[in-house]
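Where a number appears in this text, it was derived from the coordinates with a stated rule and is not lab data. These numbers were taken from a predicted model, which means no experiment stands behind them. Don't worry about glycine lacking a Cβ; one is built from the backbone with ideal geometry, like all the others, and counts go over all protein chains shown.
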Amino acid sequence: MQKTYLFAGASSAIAQETHRQLRAEGHRVIGLSTKDIGELGYSAYHQVSEYSKDFLPEIAQPLDGLVYFPGTINLKPFHRITEEAFMQEYKINALGAVSVVQRYLQNLKNAPPTPSIVFISTVAVAQGMNFHTAIGMAKGAIEGLTLALAAELAPTIRVNAVAPSLTTTPLADKLINAPEKLEASSKRHPMRRIGQPEDIAHAIGFLLGEQSSWVTGQILRVDGGMSSVRMM
Ligand SMILES: NC(=O)c1ccc[n+]([C@@H]2O[C@H](COP(=O)([O-])OP(=O)(O)OC[C@H]3O[C@@H](n4cnc5c(N)ncnc54)[C@H](OP(=O)(O)O)[C@@H]3O)[C@@H](O)[C@H]2O)c1
């Protein structure tokens with residue numbers, strides 16, 4: 001059966017790949033973006049100035065699922081991160097997700113049997129990493145939101161998150177834009193490679209679809225073993 005999903009942050013490389021996979025299965029995806037995404041082939045799209053409730057358009061139809069993609073990766077030593085920078089990171093990664101879910105909660109409730117919300121976290125929550133305080137804090141909030149909201153919305157709406165490690169997208173470009181950086185990053189992962197958008201998109205597609213209808217309140221760590229496996 002054809003489903004309709006909403007992607008916030010639809011310009012993201014991972015969002016685009018997830019869209020490609022879902023469209024191939026016959027589903028519709030509506031995109032929200034702060035950029036002009038007219039060229040990206042979404043079933044419908046809206047350009048927004050920010051992910052805050054007052055700026056989000058009305059969407060008439062029921063939504064079988066919603067994914068909040070926006071994220072940042074400003075890696076700096078702790079002492080050099082201003083309070084404003086912490087707030088900005090928190091706003092894009094965490095508060096925006098709250099606004100989008102609040103805005104479209106009724107659309108989700110109108111799409112039985114079990115509509116699905118998926119958030120995107122990061123490996124840097126389960127695994128402490130230097131220079132990751134701002135993003136670790138903001139995405140840590142997303143993981144807390146995932147669990148609390150899953151409890152509050154059960155059994156009507158499922159809520160899960162995917163937590164990737166380093167993945168080939170524009171966001172990560174600074175970290176992998178030279179062969180030696182890419183090699184060092186690949187070696188750090190037990191699976192000896194970094195992620196591709198397809199790896200993350202498959203996990204998101206699973207959490208959106210009916211095959212995961214008994215899964216809620218989970219953080220799916222798609223990270224090449226980075227957060228949980230140590231090579232001896
Ligand atoms: N790539 C990685 O290594 C990696 C690792 C762990 C987690 N993640 C997470 O994966 C998600 C998708 O990112 P990606 O890797 O696909 O990167 P990407 O292609 O660079 O996409 C960046 C995303 O962030 C949004 N964004 C960027 N700056 C923004 C701003 N100032 N205000 C609001 N939104 C902004 C974009 O939304 P618009 O469409 O509105 O521009 C887009 O959704 C993010 O949540 C990221 O934290 C990525």
Exercise. Filtering region 149-183 down to residues that are outside any loop (DSSP other than H, G, I, E, B) and among the polar types (S, T, N, Q), which residue is farthest from the ligand (Cβ to nearest atom)?
Worked result: ASN160
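State the number of residues belonging to region 62-93 that are surrounded by fewer than 22 Cβ atoms within 10 Å (Cβ to Cβ), in contact (Cβ under 8 Å) with a residue 40 or more places away in the chain and not in a loop (DSSP other than H, G, I, E, B).
Number satisfying all stated conditions: 5.
Every residue in region 25-47 that is assigned to a loop (DSSP other than H, G, I, E, B) and crowded, with 17+ Cβ neighbours inside 10 Å, please. Spell out how you get there, then give the answer.
In the first step, residues of region 25-47 are kept if they are assigned to a loop (DSSP other than H, G, I, E, B); the result is 25-27, 34-37, 41-43.
Within region 25-47, HIS27, THR34, ILE37, TYR42 qualify.
Could you tell me how many of the residues in region 22-40 are within 14 Å of the ligand (Cβ to nearest atom) and not β-branched (Val, Ile, Thr)?
Residues that pass the stated criteria total 8.
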For this session: Take region 202-227 and flag every residue that is closer than 21 Å to GLY140 by Cα and of a type in the set (Gly, Ala, Ser).
Result: ALA203, GLY217, GLY224, GLY225, SER227
Problem set entry | ILE142 surrounded by 16 or more Cβ atoms within 10 Å (Cβ to Cβ), of a type in the set (A, V, I, L, M) and more than 15 Å from the ligand (Cβ to nearest atom) | no
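Going through region 197-219 one residue at a time, which ones are over 14 Å from the mean Cα position of the chain (by Cα) and either among the β-branched types (Val, Ile, Thr) or exposed (fewer than 15 other Cβ atoms within 10 Å of the Cβ) (or both)?
Just the residues of region 197-219 that are over 14 Å from the mean Cα position of the chain (by Cα), to begin with: 209-217.
The answer is GLU210, GLN211, SER213, TRP214, VAL215, THR216.
Answer yes or no as to whether GLU17 is surrounded by 13 or more Cβ atoms within 10 Å (Cβ to Cβ), outside any loop (DSSP other than H, G, I, E, B) and acidic (Asp, Glu). Reasoning before the result, please.
Details: surrounded by 13 or more Cβ atoms within 10 Å (Cβ to Cβ): yes; outside any loop (DSSP other than H, G, I, E, B): yes; acidic (Asp, Glu): yes.
Yes.
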Exercise. Out of all the residues in region 185-232, which are farther than 20 Å from GLY26 by Cα and aromatic (Phe, Trp, Tyr)?
Worked result: TRP214
For this session: Take GLU58 and decide whether it is surrounded by fewer than 14 Cβ atoms within 10 Å (Cβ to Cβ), part of a loop (DSSP other than H, G, I, E, B), acidic (Asp, Glu) and more than 11 Å from the ligand (Cβ to nearest atom).
Result: yes
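Each row is one residue, and each column tells you yes or no for (1) of a type in the set (Lys, Arg); (2) out of contact with any Lys or Arg (no Cβ under 9 Å at 6 or more places or on another chain).
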| site | (1), (2) |
| --- | --- |
| ALA15 | no, yes |
| ARG23 | yes, yes |
| ILE30 | no, yes |
| HIS46 | no, yes |
| LYS53 | yes, no |
Problem set entry | Residue in region 122-129 that is free of Cβ contacts under 8 Å to residues at least 12 places away in the same chain and not in a helix (DSSP H, G or I) present | yes
